[in-house]
Every structure is written in C-alpha cells, then in structure tokens.
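K.L.:
Quick one: the structure is below, and I'll ask about it shortly.
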Amino acid sequence: MPPDSPPSDRERASDLPSYLANHDPAVWRMFLEQIDRVEPYLGPLQRWADTLRRPRRILTVDVPILMDDGRVQHYEGYRVHHNTSRGPAKGGVRYHPDASLTEVMALAGWMTIKTAVVNLPFGGGKGAVRVDPALLSPGEIERITRRYTAEISLMIGPDKDIPAPDVNTNAQIMAWMMDTYSMTVGSLTTGVVTGKPLELGGSLGRVDATGRGVFIATNCLAPKIGLDISHARIALQGYGNVGKAAARCFHQAGGAIVAVQDVTGTIHSGDGLDIPALEAHVAQGRKLVDFPGAQTIQHDALWDVDCDILIPAAMENQITDKVARRLKARLIVEAANGPVTPAGDDILKEKGAVVLPDVLANAGGVIVSYFEWVQDIASYFWDEQEIDRRLTRIMERSFDAVWAVHESRKLDLRTAAYLVGCERVLQARNLRGLYP
Ligand code: GLU
C-alpha cells in the first residue's frame, strides 16, 4: 500500500465507499488482456468469448462489527461469481487492506480458467474483505468472518459457490464460515467451504496442496526445458502457506533456495538457505528478516538475484515489463495468482524465459479443495497417499494437455493454458445455450 493512503480501518463513513473511490481496474484489465490474447484461437467459440469478460454476479456488502473497545467499525466485503457454466463457483476469500471489487473480479476470472484447465466440475468465484487482519484481535476476525459469511450467504452453498482460504485466511476462518452458514440453514453443511480443519470435514493434504502442486508442475516442465531441479537456484517471493510448502518441496528435491521475501524483508544466501531452520524460525513467531545465517537485501533487489527459477508466491501485478527486464531466472513459476502482467509476459518471452502460468502452476490448492468437497459429500475420507496420488495425476494430466497445445499451436504456456481452459468453459456455455 502506498505510505500516504490511510488504512481502510480508518476510512470515515462520509468517505465514498471504496468500490467507488478506489476503483483501480488494473488487475481486471490484466485479465481482460489475457482473454484478448486467447480469443483469436477460439474458432467458432469466439461467439461466446464475451461471457468471459462479464462476471456473472457481483455482490458488495457492508460488514459492520463490534470492536473490542466498544466501537462499531464498518468494513467492505465482496463475492463475485465469474462463471458457473461448468459447475458451482469455486474460489477463495482473502482479507487484505487493498482488496477491491475489480481485483476480486479478476481473481474470480482466474478461478474460472483454473478449474477448467485442470478439468474440475467447478466455475470460478472469489471473495474478499477490505481489512488488514494484522490490526485485529482473534475475536474481531471471528466477528468479521461471521458477519461477512451471513452477508454473502445468499450467494454460497455446496452446490452454488464454495469459498476456501486465500491470502490471510486459514482453516480456522473456514471453520467459522462453515459454522455461520450451517447455523443459518439449520443443518451442518461441511461442503459449503473447503480448507477446513481436519476435525470438521477438512482433507488431508489441503494445507500444502498449492505449494506441492507448484512443485509437481515445475517437475513436469523442467525436463522439457533442460532444467535440473536438484541443481537449481530458486528465489521465492512470499513465505505464506504456499511459499512455505513450495520451499520445502524444492529443498527436499535438492534445489537451493537462495532468496526469500515476505512483508518483513528479503533474505539471501548464495549457498542456499537452511529451509527447515527457516520454517522453524518463522513458526516461533519470529520475523523472516531476522533469520540468522542469511544476508538481508533491499526489497527491490529480489528481482536482481542470480537464480534459475523465480517463484512469485505473494500478490498479483508484481512482474511488470520493467521488473521483467531485470530478472535473471529462465523459469518463472506463478504460485501466486496474476503475478506477471501481460507486458511482463512479452518481455520474458523476448528474453527467452519461460512462464509457468498460475492457472496451471497453483491449481493444486483448488484440486485438493475439490477432493475435500467430494469427501464431505460422500462422508468418506481418503488417506494422505491417496490425496497425493490423485493430485499428482491431475497435475500431470493437465500439464500434458497444456504442453500439447503449446507444441501443436506454437503458443506460449499461458495462452496454451487459456486455450485449454476457455474452450472447456465456452463449450459448456454453448451446449447449455441461452436462457430463456
Ligand atoms: N485460493 C486458492 C486459489 O487461488 C484456492 C481456491 C480454492 O481452493 O477454492 O486457487
């Protein structure tokens, strides 16, 4: 957030609601540009392409809660169904002070493409509350979660829209969402959200699924481009749920994680960081930047780090054309949603670097969410090996489908993945036809 913009908590009621005042459509424009790039390859399905440019439903809600000090504070929440042609909307909920409706629209759009690329029977949705949870007590976070869930309850349901964790949300928040929804409908409905605790219908393997999927997808790609992961130097932006699991997988495979960045700062070690020690350090509540045995570098210097693989695992809109020019990595693996802009894509292509796109690379999370939803409906739960076996199979099968289009149509991997995904969505749209 720019230093001069006040935190959303302090916005006054007399200010314009932020969906009008802070309407920065940059991320949504990025999504639209990606759709423009795939449209020429859609053949007769082009007729339906505007479906992807029009989110199906958009809801903005007021989320008033009682603060610990007795004040009543208002927050703004969103839930968007981008597309439901192939199944119920699916996608996470994030808590972030910069969240905006247009950002959520783009994130929902990416979910539509992602669920289709990996061929899950879901559409795309997303939600957010514009809040910095680091400024709130656990009780305040619970009250925001419950009120937000009640406000969006007309949009969600196990056969309508299934939220999940995303940036700054977790299994406890999913448990509160599930409980609030269940209380309003009058029966325990575990399948309404995924990413829940194991005790409440959660799935084994869900916490690490996105990071693990990032690793599986990279493993599929590496031999195709002559990259040996066991000797690769890797830089990582983001050390949240996804970044941690990805770092662990690459480290176990023999790769050297040479730099990691989170909100507290950026650490670097040319020989590779001791990842188990870093994970233990952060688990003790200490700052990443205070990790001993690493050098601290400037935030912006992450982009100049000498590495083979760069894994952005934080937020969208990070690798612009300017940043792309500086990167040394020959492979960029999008563990975050939307980290490389279309202009960034162009520069990387010019430089001969490969981008493994988000809609494939980070799909492991929603794949295991799908397993969780199936297990909840069946009330029958699989062991961890079963989850991993199925996750690996879907990731590999999806990679192969995208790679085949990349080769046969001579398209970069993002456009190839979009072609696979958009064709599935628009074929379903075409077969369903227009109502009435
Ligand atoms: N938030 C994750 C994503 O962006 C997971 C969504 C889900 O499991 O529904 O893919």
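K.L.:
So, in the stretch 337-369, how many residues would count as being within 16 Å of the ligand (Cβ to nearest atom), of a type in the set (A, V, I, L, M) and more than 19 Å from residue 123 (Cα to Cα)?
P.N.:
Adding up the residues that qualify gives 2.
K.L.:
Also, I was wondering about something else. Regarding residue 375, is this residue touching a residue at least 60 places away in the same chain (Cβ under 8 Å), farther than 26 Å from residue 27 by Cβ and either in contact with a strand residue (DSSP E or B) (Cβ under 6 Å, 6 or more places away or on another chain) or of a type outside the set (Asp, Glu) (or both)?
P.N.:
Working: touching a residue at least 60 places away in the same chain (Cβ under 8 Å): yes; farther than 26 Å from residue 27 by Cβ: yes; either in contact with a strand residue (DSSP E or B) (Cβ under 6 Å, 6 or more places away or on another chain) or of a type outside the set (Asp, Glu) (or both): yes.
Spelling it out, residue 375 is indeed touching a residue at least 60 places away in the same chain (Cβ under 8 Å), farther than 26 Å from residue 27 by Cβ and either in contact with a strand residue (DSSP E or B) (Cβ under 6 Å, 6 or more places away or on another chain) or of a type outside the set (Asp, Glu) (or both).
K.L.:
Of the conditions (1) in contact with a Leu (Cβ under 6 Å, 6 or more places away or on another chain); (2) more than 16 Å from the ligand (Cβ to nearest atom); (3) of a type outside the set (Gly, Ala, Ser), residue 382 satisfies every one except a single condition; which number is it?
P.N.:
(1)
K.L.:
I've got another one for you. Only residues that are among the charged types (D, E, K, R) and surrounded by 19 or more Cβ atoms within 10 Å (Cβ to Cβ): list them for the stretch 152-178, please.
P.N.:
161, 166
K.L.:
Going by what's in this entry, would residue 185 be described as farther than 17 Å from residue 372 by Cα and surrounded by 17 or more Cβ atoms within 10 Å (Cβ to Cβ)?
P.N.:
Working: farther than 17 Å from residue 372 by Cα: yes; surrounded by 17 or more Cβ atoms within 10 Å (Cβ to Cβ): no.
Against the criterion (farther than 17 Å from residue 372 by Cα and surrounded by 17 or more Cβ atoms within 10 Å (Cβ to Cβ)), residue 185 does not qualify.
K.L.:
Just to be sure, is residue 388 away from the ligand (no atom under 14 Å from the Cβ) and either over 17 Å from the mean Cα position of the chain (by Cα) or farther than 23 Å from residue 421 by Cα (or both)?
P.N.:
yes
K.L.:
Could I ask something else about it? Between a first residue in the stretch 344-355 that is in contact (Cβ under 8 Å) with a residue 40 or more places away in the chain and a second residue that is assigned to a helix (DSSP H, G or I), which pairs have beta carbons less than 7 Å apart while being 6 or more apart in sequence or on different chains?
P.N.:
345/414; 354/225; 354/413; 355/345; 355/348; 355/413; 355/414
K.L.:
Enumerate the pairs (first residue in the stretch 100-112 and touching a residue at least 12 places away in the same chain (Cβ under 8 Å); second residue anywhere and among the polar types (S, T, N, Q) and within 12 Å of the ligand (Cβ to nearest atom)) with beta-carbon separation below 9 Å, excluding pairs fewer than 6 apart on the same chain, so at least 6 apart or on different chains.
P.N.:
Matching pairs, first to second residue: 106/337; 107/337; 110/337; 111/337.
K.L.:
Kindly indicate whether any position in the stretch 175-194 is more than 10 Å from the ligand (Cβ to nearest atom), under 27 Å from residue 243 (Cα atoms) and not in a helix (DSSP H, G or I).
P.N.:
No, there is no match, as no residue in the stretch 175-194 is more than 10 Å from the ligand (Cβ to nearest atom), under 27 Å from residue 243 (Cα atoms) and not in a helix (DSSP H, G or I).
K.L.:
Also: Among what's in the stretch 149-171 and is assigned to a helix (DSSP H, G or I) and touching a Ser or Thr at 6+ places or on another chain (Cβ under 9 Å), pick the residue that is nearest to residue 125 (Cα to Cα).
P.N.:
If we take residues in the stretch 149-171 being assigned to a helix (DSSP H, G or I) and touching a Ser or Thr at 6+ places or on another chain (Cβ under 9 Å), then 149 is nearest to residue 125 (Cα to Cα).
K.L.:
What's the number of the condition residue 193 fails, among (1) buried (at least 24 other Cβ atoms within 10 Å of the Cβ); (2) without any contact (Cβ under 8 Å) to a residue 40 or more places away in the chain; (3) under 21 Å from residue 272 (Cα atoms)?
P.N.:
Among (1) buried (at least 24 other Cβ atoms within 10 Å of the Cβ); (2) without any contact (Cβ under 8 Å) to a residue 40 or more places away in the chain; (3) under 21 Å from residue 272 (Cα atoms), the lone unmet condition for residue 193 is (3).
K.L.:
Only one of 123, 70 is modelled with pLDDT of 95 or more and either away from the ligand (no atom under 13 Å from the Cβ) or farther than 26 Å from residue 33 by Cα (or both). Can you tell me which?
P.N.:
70
Every residue, every condition in (1) under 18 Å from residue 97 (Cβ atoms); (2) over 20 Å from the mean Cα position of the chain (by Cα), yes or no:
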{"site": "131", "(1), (2)": "yes, no"}
{"site": "142", "(1), (2)": "no, yes"}
{"site": "146", "(1), (2)": "no, yes"}
{"site": "155", "(1), (2)": "no, yes"}
{"site": "203", "(1), (2)": "no, no"}
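K.L.:
Enumerate the pairs (first residue in the stretch 274-297 and under 14 Å from residue 257 (Cβ atoms) and modelled with pLDDT of 95 or more; second residue anywhere and surrounded by fewer than 16 Cβ atoms within 10 Å (Cβ to Cβ) and hydroxyl-bearing (Ser, Thr, Tyr)) with beta-carbon separation below 6 Å, excluding pairs fewer than 6 apart on the same chain, so at least 6 apart or on different chains.
P.N.:
Listed pairs, sorted by first residue: 288/264.
K.L.:
Related question: Scan the stretch 233-241 and give yes if some residue there is in contact with a strand residue (DSSP E or B) (Cβ under 9 Å, 6 or more places away or on another chain) and at positive phi, otherwise no.
P.N.:
Here is the first cut: in the stretch 233-241, the residues in contact with a strand residue (DSSP E or B) (Cβ under 9 Å, 6 or more places away or on another chain) are 233-241.
When the remaining residues are screened for being at positive phi, the result is 238.
Taking every residue of the stretch 233-241 in turn, at least one turns out to be in contact with a strand residue (DSSP E or B) (Cβ under 9 Å, 6 or more places away or on another chain) and at positive phi.
K.L.:
Testing residue 352 on (1) under 23 Å from the mean Cα position of the chain (by Cα); (2) on the phi > 0 side of the Ramachandran plot, one condition comes back false. Which one is that?
P.N.:
Answer for residue 352: the failing condition is (1).
K.L.:
May I ask you to list the residues in the stretch 199-219 that are part of a helix (DSSP H, G or I), within 15 Å of residue 370 (Cα to Cα) and aliphatic (A, V, I, L, M)?
P.N.:
Answer for the stretch 199-219, where residues must be part of a helix (DSSP H, G or I), within 15 Å of residue 370 (Cα to Cα) and aliphatic (A, V, I, L, M): 207, 209.
K.L.:
For residue 275, indicate whether it is under 21 Å from the mean Cα position of the chain (by Cα) and surrounded by 14 or more Cβ atoms within 10 Å (Cβ to Cβ).
P.N.:
No; evaluated as a whole, the condition is false for this residue.
K.L.:
Which of the residues spanning the stretch 402-436 are assigned to a helix (DSSP H, G or I) and without any contact (Cβ under 8 Å) to a residue 24 or more places away in the chain?
P.N.:
The answer is 404, 405, 406, 407, 408, 416, 431.
K.L.:
Taking helices (runs of 4 or more DSSP H) that fall entirely within the stretch 328-391, which contain at least 1 residues that are closer than 18 Å to residue 202 by Cα and among the acidic types (Asp, Glu)?
P.N.:
364-378
The values are calculated or read from the model by the stated rules, or taken from the named source; none is laboratory data. Just so it is clear, the model here is predicted, and its values are computed rather than measured. Cβ: placed from backbone, ideal geometry, glycine included. Neighbour counts: every protein chain shown.
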